[in-house]
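Novice: Mind looking over this structure? Questions follow.
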Amino acid sequence: MRLLRVTLAALVVLVCATPAAAQRYSATRKGDIIELVDKVAEMHVEVVADMSNAWRIRVKGHDLVRTSETLEDFRARPGYNGMPLLAPFANRLDQTAFYANGQKYNFDLELGNVRGPIVSTGYVHGSTLWEVVEFKADDTGAWVTSRLDFYKHPRYMQQWPFAHTITMTYKVAGGELEVRTRIDNLSAEPMPVVFGYHPIFELPDGTRNDWTVSVDARTHWIEIPQRLPTGETQPIEDFFKADRTAIQLKDYGLIDDVFTDLIRDANGRATMKLMGLGKELHVSLGPKYRTVLLWSTPLQAAGGGGRGGAGQGRGAGPGRAGGPAQPPAPSGPFPVDPADGVRVAPAAVPLPEGATPAGKGFIAFEPMVAITNALNLAHRGVYKELQSVEPGGSWEESFWITTKGY
């Protein structure tokens, strides 16, 4: 009888404890949206199911990434909102072709999903061809996993002839959002891995002029005005003329640059921080992300170019999705004259007297597997860290987003 009472008591504890533990996390589908929730951290992540794109990421009611006013607007213009995946290649190429395994592959510009003369950002960030594998919550977190069978789509394969699948998982756990990506190579040849993500971050308080950035990287790749690396590098402190952990955004004009030699913690993560007015947003990159790209433009006066200066620089540059072709923007904080390598640090662009900023401004910490133009620079022997997946093999890595002070 005593054993029976002990057993019944244990069952009561188990029955009461299990639902309580499971209640912290939830994963629910509401039409096109799968919502992941960490109730304790008050983190809500809304993923558009057929796009595998987290169009809204919030902590305690505050947006962490730039997004659209409505889901319809987001679907129409996903390139600079949410968590767009830049694949099968990220950022720019210096010609309408790329090299892989010693072979040159020319893009078919008439197909329409790749544009020249400077090719950029891949062409899957607006895809609605993702299939949800599962969405679930338990006492470890809440997640959704989706897959894009790249090899099934002729328009994709014609530009990038490597059969593969992309599997993406968003998971919230312990107040942290993990974005995990897996590439499975179904081709008979090694496939280079050069994708990235393009989230645009902002803090709930203040503007770009109030924010400080910390970057766990040692090396900056010098670029020509078309935002293509020359192969020359310099220490990050020489680029910013400041401590890499205390970069004041108000001191700089356009930043659109890649950084490597990432500084890792004991878990192999390199962390980028956006800080201001008591709040922090951290983006931590796993070991296979070898590069981080920073993008930010000066604030503009209201009515002078859109939210946070999005009408300037990279967002409207040649080959960028969603913007007409424009002359290349001048190179960021330290313009480069390719003829003599002279670097000059311009002052940040001030607002007119009495004007108010258009929006908050922003900083994009872009997790990148490789630097800009990595495929063609690797072919020329300039870039030494190009990763690839062997036939039948897989590549997998994560990055994480957390906050402090929210």
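Novice: Determine, from the Cβ-Cβ distance of Ile33 and Arg380 and an R0 of 45 Å, the FRET efficiency 1/(1 + (r/R0)^6), rounded to the nearest 0.05.
Specialist: 0.50
Novice: A further question on this structure: Work out, step by step, the length gained on full extension between Thr96 and Leu186: first 0.36 nm times the residue separation, then minus their alpha carbon distance; give nm to one decimal.
Specialist: 29.9 nm
Novice: Follow-up. What's the exposure ranking of Glu202, Glu353, going from fewest to most Cβ atoms within 10 Å?
Specialist: Going from least to most buried by this count: Glu353, Glu202.
Novice: Treat segment 23-404 as a sphere of radius equal to its Kirkwood radius over Cα pairs and apply Stokes-Einstein at 20 °C in a medium of 1.002 mPa s; give the translational diffusion coefficient in µm²/s, rounded to a whole number.
Specialist: 102
Novice: Once you've got the Cα coordinates, tell me which of Lys39/Lys250; Lys171/Lys384; Lys250/Lys384; Lys384/Lys404; Lys60/Lys288; Lys39/Lys273 are over 29 Å apart.
Specialist: Pairs exceeding 29 Å: Lys39/Lys250; Lys171/Lys384; Lys250/Lys384; Lys384/Lys404; Lys60/Lys288.
Novice: Let me ask another. Glu232 to Asn267: extension gain in nm, 0.36 nm per residue of separation minus the Cα-Cα distance?
Specialist: 9.6 nm
Novice: Taking +1 at the Cβ of each Lys and Arg and -1 at the Cβ of each Asp and Glu, which of Gly268, Ser187, Ala54 sits farthest along the dipole of segment 23-404 towards its positive end, judged by Cα position relative to the Cα centre?
Specialist: Positive-most Cα among the choices belongs to Ala54.
Novice: Under a crude label model (7 Å from the Cα following the beta-carbon direction), how far is Thr165 from Lys250 in nanometres?
Specialist: 5.1
Novice: What is the order of Asp238, Asp94, fewest Cβ neighbours within 10 Å to most?
Specialist: Asp238, Asp94
Coordinate-derived values only; no laboratory data. Only a predicted model underlies this, so the values are computations on that prediction, with no experimental measurement involved. Quick reminder, even Gly has a Cβ in these numbers, built from the backbone with ideal geometry, and neighbours come from all protein chains shown.
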